[in-house]
1. Just name the residue that is nearest to the ligand (Cβ to nearest atom) out of those in segment 86-112 that are within 18 Å of the chain's Cα centre (by Cα) and surrounded by fewer than 13 Cβ atoms within 10 Å (Cβ to Cβ).
2. Go through segment 113-126 residue by residue and tally those that are among the hydrophobic types (A, V, I, L, M, F, W, C), surrounded by fewer than 14 Cβ atoms within 10 Å (Cβ to Cβ) and part of a loop (DSSP other than H, G, I, E, B).
3. Just checking: which of the helices (runs of 4 or more DSSP H) contained wholly in segment 1-101 hold 2 or more residues that are touching a strand residue (DSSP E or B) at 6+ places or on another chain (Cβ under 8 Å)?
4. Could you tell me whether any residue of segment 71-85 is exposed (fewer than 11 other Cβ atoms within 10 Å of the Cβ), at pLDDT 95 or above and within 15 Å of the ligand (Cβ to nearest atom)?
5. Mind checking which residues of segment 4-54 are surrounded by 13 or more Cβ atoms within 10 Å (Cβ to Cβ), among the hydroxyl-bearing types (Ser, Thr, Tyr) and within 25 Å of Lys71 (Cα to Cα)?
6. Cβ-Cβ under 9 Å, sequence separation 6+ or interchain: first residue in segment 98-118 and more than 17 Å from Ala76 (Cβ to Cβ) and in contact (Cβ under 8 Å) with a residue 60 or more places away in the chain, partner more than 10 Å from the ligand (Cβ to nearest atom) and outside any loop (DSSP other than H, G, I, E, B). Which pairs?
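The values are calculated or read from the model by the stated rules, or taken from the named source; none is laboratory data. For clarity, every value in this text was computed on a predicted model and none was experimentally measured. FYI the Cβ positions are ideal-geometry reconstructions off the backbone, even for glycines, and counts take in every protein chain you see.
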Amino acid sequence: MSQDLVTFLHARLDEEADLARRCDGEGRGEWTAQGHTVDFRQGELAGFRPAIALHVALHDPARVLREVEAKRRVLARHAFSPAIGDPELPWENNDDCQYDGEPWPCDDLLDLALPYADHPDCPRAP
Ligand SMILES: [Zn+2]
């Protein structure tokens, strides 16, 4: 599972960003909720329980795109650092994360993957 998890996460983030862009309606503004109604800036939809209306509005495309970008930056920081195989190195020579030095994949990457654990393409730990 060297780069499989990273490839998998990039694919999920690409899908989320693509869907958010398709829902954006040409940047007409943020989704909002009031009572049982969600205003999608392209129209309103009523009939939600208020908590669900707030939850839907929370997934405003602009917010989703900001979240995707933040996750991409986390992914970029936690890059794979493969073992070199040099027995002369004074430190333990393992596959690890270049950001935190934890064994690969590090906990931060595993946390990023957790929401997708039920996805059929999700790489499994050996
Ligand atoms: Zn890391």
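1. Asp107
2. At the first step, the residues of segment 113-126 found to be among the hydrophobic types (A, V, I, L, M, F, W, C) are 113-114, 117, 122, 125.
Add one more test, that the residue is surrounded by fewer than 14 Cβ atoms within 10 Å (Cβ to Cβ), and what stays is 114, 117, 125.
Pick out the ones that are also part of a loop (DSSP other than H, G, I, E, B) and you get 117, 125.
Summing the residues that are among the hydrophobic types (A, V, I, L, M, F, W, C), surrounded by fewer than 14 Cβ atoms within 10 Å (Cβ to Cβ) and part of a loop (DSSP other than H, G, I, E, B) in segment 113-126 gives 2.
3. Details: elements: 4-23, 50-58, 61-77.
Those helices (runs of 4 or more DSSP H) span 50-58.
4. Yes, because at least one residue in segment 71-85 is exposed (fewer than 11 other Cβ atoms within 10 Å of the Cβ), at pLDDT 95 or above and within 15 Å of the ligand (Cβ to nearest atom).
5. Thr32
6. Listed pairs, sorted by first residue: Tyr116/Phe8; Tyr116/Leu9; Tyr116/Arg12.
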